[in-house]
Amino acid sequence: MASKALSFFGLRKRKRFSNLGMDQMLVYALSPRKIPTSKQFKHLSKFLNSKENLIIKICLVIVFVNAVYLGVDFFKKHLKYSPVYGGEYIEGVVAYPKTINPLYAVNRDVDSDLSRLVYSGLFKYDQNGTLVNDLVESHEVSNDKEYTIKIRSNVKWHDGNKVSVDDVIFTIDAIKNSEYRSPLKTSFSGVEVEKINDQTLKIILSSPYSPFLEVLTFGILPKHIWGNISPSAAILSELNLKPIGSGPYVFKSLVKSKEGDLKEYNLVANDNYYLPRPYIKNIQFKFFINYTEAIKALNDNQIDGLGYLPFDSRKDVLAQDSLTFNELTRPQIISLFFNQEKDKALNNKPVRVALAQSINKDEIIEEVFENAYQKADSPILANNFAYNDQLTKYAYSPLEATENIKNRLASTTLTVVDSGRNVLVAEKIKSYWEKIGVVVSLNIVPGERAMDIIKNRNFEILLYGESVGGDPDVYAFWHSSQIGAKGLNLAAYNNPEVDKLLIEARETNDINQRIEKYKKFQEILTNDIPAIFLYSPTYTYIQSKKVKGFSGSVIIEPADRFSSIASWYLKTSKKIAW
């Protein structure tokens, strides 16, 4: 028995027992437990030499480290964080809302932001800049100009009333009514609306217009409320600041300063929203008079996000590691437009080609915009479904440019609006052109003079940006009918084949035909080079990293940053998932 007990404790060296008394050996031998207790383990060191003690300690450390590693690994693989309802998100915006009403909000970003959260439209843009259904359940197009639209049956206004086709028709009629003075009115010229039933309506256009569904992203008004308000008094109604819609968030309260300006605007998640209820319970907007104040509030942790950050203000943002800079692509293109009537030398295509070849777009984007912007080579952006990646591109080639320009253009004037980093870009372009032998004068004009310059086409070459929208329809910028003071064809470009392609592309709903026609249009226009397309700016949207769930990289309008708001969250729950 004694030998078995000694073997159990791993005591192979019998000489150690010569140091033990017979009484101890007898106790060990007669013990009924063959597995040592915790008290017995205390005496283990009495039977081990220093080397064995060290080995035991090392083994225990290894066991402990492995246990910790396995535990951490287990939790990493099986502990899941799920978003839960609750919390408050505070966003800073530079401006003050005036009319949170879909009939008027289109002209002011801050009004549009709030309107987007409170109201629902028939359609909306998702986080990828794709047009998707909102209130619409299904729709059909016939004869390229008749739209039969069925709306969802489970939608309620924030006051509990049901949304119906009558509300949609009332809103469209209000837009068409001159007494409401809605800037959307021109979009519905010649448009007729018919009610089929409480869920279905038909919209009939006077002529085909394939981008028409883009027009139907405005919010729908509740007829049972606005129908009791005189159209001429609508813009003065209190409902413009305390709206009732059917969107993901409900108006809760507002705070005004002593002067009557809005300081805060509070929304709460719509418990009866027809789509999944947003996770964030409360959203508060704080309004600032300028970006200096807004950025200070961000740095002081008074706000969790900033609706827009100008590029030149990035350096003023502190603790950038705790913030997420969402760089969102907008359908805007900064270009150099040639006025061939003002400067006859620009009629010479090799001159225009040389001016394009001498510009290093990559260098401008890197040095002026720290690679935050995207290069442009076409009047249609590269992320658009109709972009032609095989079009004519004028690569940076100063030697070839010098040959092409020789004795053809001695000097020119570059007009630039003094906004953002436009002047820095103009100075870079001036340096490129002077390297190939063209003397350049910069005409820097203040923002308030820009419209007069454009209206009167009072420039030789103009550095300017155009917002081209989510659809590839660029008729307004390049069709010859848009030449002149009232049009946006800044380069006075006139090409009969391009005119035909632009008309045909906007009059068919066949996506493949549209792509084919827009690709041909880009090929012709870039070969004619009436303008040099430079880059596309991004919309910088800042949020604290405690805000999770933001997704997307494309917005058509600033309010589209809220496209995925139902997926944002601040609070989480933990659970083990096997």
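A few notes on this one:
- Asp166 being surrounded by 15 or more Cβ atoms within 10 Å (Cβ to Cβ), closer than 24 Å to Val554 by Cα, of a type in the set (Asp, Glu) and in contact (Cβ under 8 Å) with a residue 40 or more places away in the chain: no
- Any hit, the range 524-537, residues being touching a Lys or Arg at 6+ places or on another chain (Cβ under 6 Å), within 17 Å of Asp113 (Cα to Cα) and buried (at least 18 other Cβ atoms within 10 Å of the Cβ): no
Matching residues to (1) in a strand (DSSP E or B); (2) in contact (Cβ under 8 Å) with a residue 60 or more places away in the chain:
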| site | (1), (2) |
| --- | --- |
| Val61 | no, no |
| Phe64 | no, no |
| Leu70 | no, no |
| Phe74 | no, no |
| Lys77 | no, no |
| Pro83 | yes, yes |
| Gly86 | no, yes |
| Ile90 | yes, yes |
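- Leu221 in contact with an Asp or Glu (Cβ under 8 Å, 6 or more places away or on another chain) and over 20 Å from Ser178 (Cβ atoms): no
- For the range 221-259, the tally of residues that are within 21 Å of Ile90 (Cα to Cα) and free of Cβ contacts under 8 Å to residues at least 24 places away in the same chain stands at 6.
- Thr292 being of a type outside the set (A, V, I, L, M, F, W, C), in a strand (DSSP E or B) and out of contact with any Cys (no Cβ under 9 Å at 6 or more places or on another chain): no
- Being in a strand (DSSP E or B), under 30 Å from Arg108 (Cβ atoms) and not charged (D, E, K, R) is not true of Ile303.
- Against the test of being touching a strand residue (DSSP E or B) at 6+ places or on another chain (Cβ under 6 Å), at pLDDT 95 or above and farther than 17 Å from Val547 by Cα, the options Ala354, Ala294 yield a single qualifying residue, Ala294.
- Residue within the range 370-392 that is surrounded by fewer than 16 Cβ atoms within 10 Å (Cβ to Cβ), assigned to a loop (DSSP other than H, G, I, E, B) and in the same structural domain as Val94 (by TED's automatic domain parsing) present: no
- Any hit, the range 170-185, residues being assigned by TED's automatic domain parsing to the domain that holds Gly129, farther than 26 Å from Ala476 by Cβ and in contact with a helix residue (DSSP H, G or I) (Cβ under 7 Å, 6 or more places away or on another chain): yes
- Candidates Leu103, Leu201, Leu117 - the one that is at pLDDT 95 or above, part of a loop (DSSP other than H, G, I, E, B) and either among the hydrophobic types (A, V, I, L, M, F, W, C) or not assigned by TED's automatic domain parsing to the domain that holds Val474 (or both): Leu103
- When Leu346, Leu355, Leu399 are checked against the criterion of being assigned to a helix (DSSP H, G or I), without any contact (Cβ under 8 Å) to a residue 12 or more places away in the chain and aliphatic (A, V, I, L, M), Leu399 stands alone in meeting it.
- In this entry, Tyr493 passes the filter for residues that are buried (at least 20 other Cβ atoms within 10 Å of the Cβ) and in a loop (DSSP other than H, G, I, E, B).
The values are calculated or read from the model by the stated rules, or taken from the named source; none is laboratory data. A quick note: this is a predicted structure, and the numbers were derived from the prediction, not measured. Here Cβ is always computed from backbone atoms with ideal geometry, including for glycine, and neighbour counts include all displayed protein chains.
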